[in-house]
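Chemist: A single structure is presented below for examination.
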Amino acid sequence: MTQGDGTVQVPTMLAAGRRAYDRCDELAALTAVKGSIHRFHLTSQHAWANALVGRWMTAAGLRTRIDAAGNLVGRMEGREPGLPAVMLGSHIDTVPDAGRYDGPLGVVLGIEVAELLRDQMPSMPHALEVVAFSDEEGTRFPQTMLGSKPVAGEWQDEWLDQTDQTGTSLRQAFKDFGLDPAKARTAARRPDELVAYLEAHIEQGPLLEAQARPLGVVTSIAGARRLALTITGEARHAGGTPYDRRRDALVGASFAVLAIESIARRRDIIGTVGAIEAYPGAVNVVPGRVEFSLDLRAETDAARDAGWDEIRDTIGRVCAERKLNFHWTEEHRAHAVVCADWLMEAVADAVVVTEGSAEPVPRLYSRAGHDAMVMADVTEVGMLFIRCEDGISHAPAEAVTVWDVALAVEAFATATRTVLSTDRSRHA
Ligand code: HGY
Ligand code: MN
Ligand code: MN
């Protein structure tokens, strides 16, 4: 649009999209490892990110605070102080060597929406909050979602004894961050304080790109289980031990990894072995023990759990045949979550208005986990998906386009405005 004085007024949407896109670059610089993105729970990088995002929130008109679990929370009042809030959010922690949009994009989009709706808030029947959760990834400690679980009232003090790879306990990490570990549970929000939780997030898969659509509505979020598996045999000399006398734990684990993939593909569930370690780990020793991870997900908990039963029994049978021992522990479980109909419709209607497309809005279940699956335990949730290039995520090649981000700002703002102005009692 060209103004009277000849200057070109870049549409708000594109300017907001560009700013959100650029802010993900700024956040990417806050990392523990120069040249790649490592930002973990209650570290100095997390503190820097809270400070930077806090400045953006303040500039957008949000009043900010760090809650008792280390999350950054910004709030804008509605037509009177203290009203239940529509909460927008995502996470600012990352996996190791991460992409720059998984989490941060949802937080900066929430801030853009707050700025766009700022002047309408005095007439809104609800408050607006934007939250930057930490530890959605669960990278530093065995327990994951150490940011959103306290907010959902699901804190457990026993987690404080967990340690990271340096041996630092979660209790000590709280203290190092300037938080009182005994107060973590006070980050909890009551159901009557919240109207809904909306999260914008990259799809982290190839489905929107395959449909050539920039935006989609999330119908549900896959339930996940994270297990630690151990196969034990006998360490022996790699040269002098004949095959018929070996109890090679790594050969057993190799059969297990292939069985996991085969069972998961057949059952249309998702099983991934992301980490594996052989002990003693010497080139000339038959491995006596192997420890490996299993990340197991499915659209429904029943499908996931039936798949685990078959995987567990198959590995047990392979180990018995090879005189190996097999045991496992579960480190994390999150139940599958269905997004609320009224929130799905608000997001879908917003996408239609934004894209101006007659094509039905893509509706898909999230194969990735999100803070929304935890927040569903305290309020109703909805999610907006944004296309990412080649579906790549949890890797530096993670990419989005400025224009898709600009469309996401518009759609997220429209959906949020609808939810903010909806009389909550109709949906209670
Ligand atoms: O693992 C996940 O799906 C999420 O990125 N934490
Ligand atoms: Mn992630
Ligand atoms: Mn994420």
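Chemist: Only one residue in Val405, Val353 is surrounded by fewer than 21 Cβ atoms within 10 Å (Cβ to Cβ) and either in contact with a Phe, Trp or Tyr (Cβ under 7 Å, 6 or more places away or on another chain) or touching a residue at least 12 places away in the same chain (Cβ under 8 Å) (or both), so which one is that?
Modeler: Answer to the check: Val353.
Chemist: Of these, Gly138, Gly205, which one is within 16 Å of ligand 3 (Cβ to nearest atom), in contact with a Lys or Arg (Cβ under 7 Å, 6 or more places away or on another chain) and either assigned by TED's automatic domain parsing to the domain that holds Ala397 or in a loop (DSSP other than H, G, I, E, B) (or both)?
Modeler: Exactly one of Gly138, Gly205 is within 16 Å of ligand 3 (Cβ to nearest atom), in contact with a Lys or Arg (Cβ under 7 Å, 6 or more places away or on another chain) and either assigned by TED's automatic domain parsing to the domain that holds Ala397 or in a loop (DSSP other than H, G, I, E, B) (or both), namely Gly205.
Chemist: Mind listing just one residue for me: the one in region 345-374 that is within 16 Å of ligand 2 (Cβ to nearest atom) and of a type in the set (A, V, I, L, M, F, W, C) and, of those, farthest from Arg190 (Cα to Cα)?
Modeler: Once the filter is applied, the top-ranked residue is Ala368.
Chemist: Confirm whether His46 is assigned by TED's automatic domain parsing to the domain that holds Gly103, within 20 Å of Ser148 (Cα to Cα), in a loop (DSSP other than H, G, I, E, B) and in contact (Cβ under 8 Å) with a residue 40 or more places away in the chain.
Modeler: So His46 fails the test.
Chemist: Continuing with the same structure: Six or more apart or on different chains, Cβ atoms under 7 Å: show the pairs whose first residue is in region 71-96 and in the same structural domain as Lys183 (by TED's automatic domain parsing) and farther than 11 Å from Ala127 by Cα and whose second is within 16 Å of ligand 1 (Cβ to nearest atom) and of a type in the set (Phe, Trp, Tyr).
Modeler: Qualifying pairs under 7 Å: Asn71/Phe133; Gly89/Phe133; Ser90/Phe133; His91/Phe133; Asp93/Phe40.
Chemist: Further, regarding this structure: Check Ala49, Ala29 and return the single one that is within 16 Å of ligand 3 (Cβ to nearest atom), of a type in the set (A, V, I, L, M, F, W, C) and at pLDDT 95 or above.
Modeler: Unique residue meeting the criteria: Ala49.
Chemist: Determine if region 331-344 includes at least one residue that is modelled with pLDDT of 95 or more, within 16 Å of ligand 2 (Cβ to nearest atom) and under 22 Å from Ala275 (Cα atoms).
Modeler: no
Chemist: Confirm whether Glu359 is surrounded by fewer than 24 Cβ atoms within 10 Å (Cβ to Cβ), at pLDDT 95 or above and assigned to a loop (DSSP other than H, G, I, E, B).
Modeler: Criteria not met by Glu359.
Chemist: Separate question: Which residues, counting only those in region 84-119, are more than 16 Å from ligand 1 (Cβ to nearest atom) and in contact with an Asp or Glu (Cβ under 8 Å, 6 or more places away or on another chain)?
Modeler: Listed by number, the residues that qualify are Pro84, Ala85, Val86, Met87, Leu88.
Chemist: Now, a different point. Taking the condition of being buried (at least 19 other Cβ atoms within 10 Å of the Cβ) and more than 22 Å from His38 (Cα to Cα), how many residues in region 125-151 meet it?
Modeler: 7
Chemist: Out of the residues in region 329-341 meeting the condition of being more than 20 Å from Val419 (Cα to Cα) and either in contact with a Ser or Thr (Cβ under 7 Å, 6 or more places away or on another chain) or without any contact (Cβ under 8 Å) to a residue 12 or more places away in the chain (or both), tell me which one is surrounded by the most Cβ atoms within 10 Å (Cβ to Cβ).
Modeler: Ala336
Chemist: Pro81 fails exactly one of the following numbered conditions: (1) in a loop (DSSP other than H, G, I, E, B); (2) closer than 15 Å to Ala395 by Cα; (3) away from ligand 1 (no atom under 16 Å from the Cβ). What is the number of that condition?
Modeler: The one condition Pro81 does not meet is (2).
Chemist: Follow-up. If you take the residues of region 84-120 that are within 15 Å of Arg18 (Cα to Cα) and part of a loop (DSSP other than H, G, I, E, B), which of them is nearest to the chain's Cα centre (by Cα)?
Modeler: Tyr101
Chemist: In region 211-234, how many residues are outside any loop (DSSP other than H, G, I, E, B) and modelled with pLDDT of 95 or more?
Modeler: Summing the residues that are outside any loop (DSSP other than H, G, I, E, B) and modelled with pLDDT of 95 or more in region 211-234 gives 15.
Chemist: Follow-up. Can we say Met344 is away from ligand 3 (no atom under 13 Å from the Cβ), in the same structural domain as Glu199 (by TED's automatic domain parsing) and either of a type in the set (A, V, I, L, M) or without any contact (Cβ under 8 Å) to a residue 12 or more places away in the chain (or both)?
Modeler: On the way: away from ligand 3 (no atom under 13 Å from the Cβ): yes; in the same structural domain as Glu199 (by TED's automatic domain parsing): yes; either of a type in the set (A, V, I, L, M) or without any contact (Cβ under 8 Å) to a residue 12 or more places away in the chain (or both): yes.
It is true that Met344 is away from ligand 3 (no atom under 13 Å from the Cβ), in the same structural domain as Glu199 (by TED's automatic domain parsing) and either of a type in the set (A, V, I, L, M) or without any contact (Cβ under 8 Å) to a residue 12 or more places away in the chain (or both).
Chemist: For Ala399, state whether it is away from ligand 3 (no atom under 16 Å from the Cβ) and either at negative phi or part of a helix (DSSP H, G or I) (or both).
Modeler: Spelling it out, it is not the case that Ala399 is away from ligand 3 (no atom under 16 Å from the Cβ) and either at negative phi or part of a helix (DSSP H, G or I) (or both).
Chemist: Just to be sure before I move on: is Ala372 surrounded by fewer than 17 Cβ atoms within 10 Å (Cβ to Cβ), under 20 Å from the mean Cα position of the chain (by Cα) and small (Gly, Ala, Ser) in the structure I sent? Can you show your working first?
Modeler: On the way: surrounded by fewer than 17 Cβ atoms within 10 Å (Cβ to Cβ): no; under 20 Å from the mean Cα position of the chain (by Cα): yes; small (Gly, Ala, Ser): yes.
Spelling it out, it is not the case that Ala372 is surrounded by fewer than 17 Cβ atoms within 10 Å (Cβ to Cβ), under 20 Å from the mean Cα position of the chain (by Cα) and small (Gly, Ala, Ser).
Chemist: Restricting to region 200-254, name every residue that is basic (Lys, Arg) and closer than 22 Å to Arg100 by Cα.
Modeler: If the condition is that a residue be basic (Lys, Arg) and closer than 22 Å to Arg100 by Cα, then Arg213 is the only one that fits.
Chemist: Let me ask another. Can you name every residue in region 152-195 that is surrounded by 18 or more Cβ atoms within 10 Å (Cβ to Cβ) and closer than 19 Å to Arg39 by Cβ?
Modeler: Across region 152-195, the qualifying residues are Asp164, Leu170, Ala173, Phe174, Phe177, Leu179.
The values are calculated or read from the model by the stated rules, or taken from the named source; none is laboratory data. Note that the structure is predicted; figures quoted are calculated from it, not measured. We place every Cβ from the backbone using ideal geometry, glycine too, and count neighbours over all the protein chains shown.
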